[in-house]
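The structure appears below as structure tokens.
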Amino acid sequence: MHRTSQPRLPPRERILQAAESLFYQEGITRVTVDAIAAKAESTKMTLYRHFASKEALVQAWITLLVEDYNRVWEALAERYGQQPDAQIMGFAHYLKDNLAGTLQRGCPFTNTLAETTGQFPEIRELIFAHKKKQFNRLVSLCGAAGITDPQTLAKEITLILEGLQVVAQNDAFEGAADFVLQRLEAKLRLPV
């Protein structure tokens, strides 16, 4: 019997995948370049061939996360078209569905900001821009949903969703995700 093996990812992708896993598990500042290279089954020299510095690697990882979130929003817009409330709820469901995985460690953007105070200014600006874009998207969706004060509701939704990710980390109470979904449905005047 001939066995087919899974194709091995190219070095750059393996390094990014290893970095993502380690950054989520241990944080950016604690993870060394040596640890990333080892997890990627690569060498430090190969890592530096693809990424000039650890900061460049962190920036590439954050850029991929931003692209992932943008794809989620684009898919929701495509799926729900003229249903802005369904797009908001779809994003909340996306967060809920990922709480058992990587988001159990909290929001990767917020965690990165907490770890990089005073360093990595370009990465921090990238995260600030992403969070502002997400907030502005919520304002637009709330407005399109006919909410009287879309700014205020977008602020509430942002705080609720960010809070959900924090509670996933600290396990303050059970059923946080379901509670959040119910609260958002009520705020958007959807049937619970």
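What the table below lists for this structure:
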{"quantity": "HIS50 - accessible surface, heavy atoms, 1.4 Å probe, Å² rounded to 10", "calculated": "70"}
{"quantity": "Cα-derived Rg over Rh, computed across the chain with Rh taken as Kirkwood radius", "calculated": "1.03"}
{"quantity": "Charged-residue dipole, Cβ positions (Lys, Arg, Asp, Glu), the chain about Cα centre, Debye nearest 20", "calculated": "440"}
{"quantity": "Gyration tensor over alpha-carbon atoms, the range 49-134, equivalent ellipsoid semi-axes in Å", "calculated": "27, 14, 12"}
{"quantity": "Separation in nanometres of the label points that stand 7 Å from Cα toward Cβ, at PHE179 and THR29", "calculated": "3.0"}
{"quantity": "Cα-based shape type of the range 118-192, given that a ≥ b ≥ c are square roots of the gyration tensor eigenvalues and the cut on a/c is 1.5", "calculated": "oblate"}
{"quantity": "Largest-first ordering by accessible area, 1.4 Å probe, given options MET45, MET89", "calculated": "MET45, MET89"}
{"quantity": "ARG71 accessible area, 1.4 Å probe, all protein chains in place, Å² to nearest 10", "calculated": "130"}
{"quantity": "Inter-label distance for ASP149 and THR110, nm, one decimal - labels placed 7 Å from Cα along Cα-to-Cβ", "calculated": "2.3"}
{"quantity": "Dipole axis of the chain (+1 Lys, Arg; -1 Asp, Glu on Cβ), positive-most option in THR148, LEU181, VAL72", "calculated": "VAL72"}
{"quantity": "Per residue Cα convex hull volume in Å³ - calculated over the range 92-152", "calculated": "95"}
{"quantity": "Spin-label zone in the range 149-192 - amide nitrogen under 13 Å from a point set 7 Å from the Cα of GLN83 along the C-beta vector", "calculated": "190-191"}
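The values are calculated or read from the model by the stated rules, or taken from the named source; none is laboratory data. Quick caveat: nothing in here was measured; it's all calculated off a predicted structure. Cβ: placed from backbone, ideal geometry, glycine included. Neighbour counts: every protein chain shown. Heavy atoms of the whole protein, side chains included, go into the accessibility calculation; ligands, DNA and RNA do not. Shrake-Rupley method; radii C 1.70, N 1.55, O 1.52, S 1.80 Å.
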